[in-house]
């Protein structure tokens, strides 16, 4: 199943290291071998995405996919989503919100802010593992645009 | 709460004074009136006495004049023999009689004057008789007799005597008039004194009364103001407390939501890594079991035992506990999420809504030969439809879940209008019932009653109770162990803004 050779980098913003580890493991189980960059807080993730100058030019030419948790210690995931989607270079980067919240209002707000997908982390591990694996399979078939 | 004691006690104390003032004022007025009446009576008396004295004086003077006129006319005739002189005589005699009568009348009430008047009556009639006799003699030409009578001067003596009495009467009358005037002046002085003193007292009383009434009304208006302020602050306090409570309620719901939400994250890790552990153990077990090489050491036997029994058992316990915890968290999340859902009251056809709720459990009820009946005595109700369905659905689920194994289940759902604009929804079953000591607990979260042979977290009734309360209603339960339960939900027919929480 080693079909995925696209240079897409998965940017995982997840404060819970256990979750991050489980996500990574299960993505790997779906035979996704792309680089996964894990950030445990919003500030460092934004620094990577927008660069030192905050313009986002640093990522021009890369293919990025963001996995975003909404509950972060230093800022709301919604803010990060807003920053990505209002940045002229990053606005096309697909953002998958992956969070424990299944509140309809919250889901709605994420799509309003430009989220591409919203996935609720199932609370049972089987469900969780399944969801991540399917997400991995999904990543293997979607086309990700280059950042311009 | 502070008592408004001083504000209400003050008017009660000051109301006594105006009554005292009024009593004093009335007493003074009564004294003045009585005094005035007495003085007026006395004044009348003095006036009458003065009038009498004047009449007496006038009558006396006129009587003397009449007598003198008669005498003068008589003298003229005697000297001249001319009848012309006699012309005024008869008139004067009549006048004398008339004035005498007037005098008699004027002195009627005067005992002192009476003897004088009686004496005068004799004298004046004797005098007139004398004069008439003398005139008769002259007419009969008996001049000698006339002249000798003159010389005897009986005529003059009578007149002098009459003059003495008349003068006495005149002086007496003048004295009486003078005394009357003096008494009248004294009387008037008294009247002035009484009236002015009384007037002063009344003015003082009225002044005090007005002052006290003013003070009283000021105290009243102060008390009124205090009361109004108190009322206003009370309402403001109630509003503030209500807002605080609502705020606290929202905070608790928010807190419950966040806590449960945050509890899920570590739970995912526990479950996730338990699975990882399980997968690892499986590999370990197969490795250990695959190792059949000799010698079989004690350590190897222990490792085999751990891999085949202890580790899977530990994993099983971790799994079942995390699953329970997961269920609890889900229930709390559901409760808090429902608590935050905005209620939207709408016109609901009760018969339709209840029959769709009963239809949902119909299959389960009929499986064991049970029956479910529906009586709806209220056509429509204005209520949050979802909330109503959740309430009835939970109660019906409970009735089905906790049925008695000894008899076919019968459920009766009744809706009836209550007199106070409310609707009672009763769900009655013949299930296993609830023990008396459990009645308090059944509406609490995570509490269940009886044998725990059915799945559930004990959240159903807690959820129903919270929902009913939000919808402005109440829920009560009556139950007999091993006979059945009745759950009665009372909801307002038309929700008023006060009863129903709007989030």
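Taken together, the values in this text are just the output of simple stated rules run on the coordinates, not laboratory data. Because the structure is predicted, anything quoted here is derived from the model rather than measured. Positions of Cβ are backbone-derived with ideal geometry, glycine not excepted, and every protein chain shown enters the neighbour counts.
Looking at the protein assembly as shown only, what percent of DSSP beta bridges run antiparallel? Nearest 5 please.
55 percent
Hey, got the average number of other protein chain Cβ atoms within 10 angstrom for residues in B:256-269?
On the way: counts 0, 2, 1, 0, 1, 6, 2, 2, 6, 10, 3, 4, 12, 8.
Whole-number average of other-chain Cβ neighbours for B:256-269 is 4.
Please arrange B:171, B:190 by counting, for each residue, the other beta carbons lying within 10 Å of its beta carbon, fewest first.
The most exposed by this proxy come first: B:171, B:190.
Report the far tail of the P(r) of segment B:343-492, meaning the percent of Cα-Cα pairs longer than 23 Å.
The share of Cα pairs beyond 23 Å in segment B:343-492 comes to 32 percent.
Hey, can you rank B:289-300, A:46-57 by average C-beta count inside 10 Å, highest first?
Numbers: B:289-300: 8.6, A:46-57: 15.6.
Highest-to-lowest ranking by the protection proxy: A:46-57, B:289-300.
Out of all DSSP beta bridges with both ends in segment A:9-141, state the antiparallel percent to the nearest 5.
Antiparallel bridges: around 5 percent, rounded to the nearest 5.
Let me know the Rg and Dmax you get for chain A when you use only its Cα atoms, in Å.
14.3, 42
Counting only DSSP beta bridges with both residues in chain B, tell me the antiparallel percent, nearest 5.
In chain B, approximately 80 percent of DSSP beta bridges are antiparallel ones.
Report, in deg cm²/dmol and to the nearest 500, the calculated mean residue ellipticity at 222 nm for chain B, where each DSSP H run with n ≥ 4 adds -39500 (n - 2.57) and the sum is divided by the residue count.
The helix-only estimate for chain B comes to -25500 deg cm²/dmol at 222 nm.
What average number of partner chain Cβ atoms lie no more than 10 Å from the Cβ of the residues making up A:113-122?
Mean inter-chain Cβ contacts per residue within 10 Å come to 1.
What angle do you read, to the nearest 10 degrees and between 0 and 90, between the alpha-carbon axis of helix B:113-139 and the longest principal axis of chain B?
40 degrees
Using only the alpha carbons of segment A:69-140, determine the length spanned along each of the three principal axes and report them from longest to shortest in whole angstroms.
Computed over segment A:69-140, the largest-to-smallest principal extents equal 38, 27, 22 Å.
Which peptide among B:32-43, B:393-404 comes first, and what is the full order, when sorted by highest mean count of other Cβ atoms within 10 Å?
On the way: B:32-43: 14.4, B:393-404: 20.8.
My ranking of the peptides, most packed first, is B:393-404, B:32-43.
Taking only Cα atoms, what is the 0 to 90° angle, nearest 10, from helix B:5-14's long axis to the longest principal axis of chain B?
10 degrees
Using every Cα-Cα pair within chain B, state what percent have a distance larger than 46 Å. Don't jump to the answer; show the numbers that get you there.
Working: 78316 of 126253 pairs.
Summing the P(r) of chain B above 46 Å gives 62 percent of all pairs.
Classify segment A:14-98: rounded, prolate or oblate, from the alpha-carbon gyration tensor (a ≥ b ≥ c, eigenvalue square roots; a/c under 1.5 rounded; otherwise prolate if a/b is larger than b/c)?
oblate
Can you pull the Kirkwood radius for segment B:25-93, inverse mean 1/r over Cα pairs, to one decimal in Å?
15.9 Å
Is segment B:449-493 rounded, prolate or oblate when judged by the Cα gyration tensor, a ≥ b ≥ c being the square roots of its eigenvalues, rounded requiring a/c under 1.5 and prolate requiring a/b larger than b/c?
oblate
Per the helix-only calculation at 222 nm, which mean residue ellipticity applies to chain A, given -39500 (n - 2.57) for every DSSP H run of n ≥ 4 and division by its residues, nearest 500 deg cm²/dmol?
-12000 deg cm²/dmol
Taking the square root of 5 times each eigenvalue of the Cα gyration tensor, what semi-axes in Å does the equivalent ellipsoid of segment B:125-189 have, largest first? Please list the in-between numbers first.
Details: eigenvalues 400, 21, 6 Å².
So the equivalent ellipsoid measures 45, 10, 5 Å along its semi-axes.
What shape does the protein assembly as shown have by the C-alpha gyration tensor, where a ≥ b ≥ c are the square roots of the eigenvalues, rounded means a/c under 1.5, and otherwise prolate means a/b greater than b/c and oblate the rest?
prolate
Sorted by mean Cβ packing within 10 Å, highest first, what order do the peptides B:66-72, B:78-84 take?
Working: B:66-72: 20.0, B:78-84: 11.6.
Packing order, densest peptide first, comes out as B:66-72, B:78-84.
Return a whole-number percent for the relative contact order of chain B, with Cα pairs under 8 Å and 6 or more residues apart as the contact set.
12 percent
Using the alpha carbons of segment B:5-220, what is the convex hull volume per residue in cubic angstrom, as a whole number?
With only Cα atoms used, segment B:5-220 gives 118 Å³ per residue.
To make sure I understand, if each residue's beta carbon is the centre and we count other beta carbons within 10 Å, what order do A:35, B:326 fall in, fewest to most?
Ordered from fewest to most neighbouring Cβ atoms within 10 Å, A:35, B:326 come out as A:35, B:326.
Please compute, for peptide B:331-338, the average count of beta-carbon atoms on other protein chains lying within 10 Å of each residue's beta-carbon. Provide the component values of the computation, followed by the final result.
Numbers: counts 0, 0, 5, 0, 0, 0, 4, 0.
Per-residue shielding by partner chains comes out at 1.
Compute for segment B:250-339: radius of gyration divided by Kirkwood radius, i.e. Rg/Rh, restricted to C-alpha atoms, rounded to two decimals. Numbers along the way, then the final one.
Working: Rg = 19.7 Å, Rh = 15.6 Å.
When Rh is taken as the Kirkwood radius, the ratio is 1.27.
Measure nothing but the geometry: give the 0 to 90° angle between the long axis through the Cα atoms of B:385-401 and the longest principal axis through the Cα atoms of chain B, rounded to 10°.
Orientation of helix B:385-401: about 60 degrees from the principal axis.
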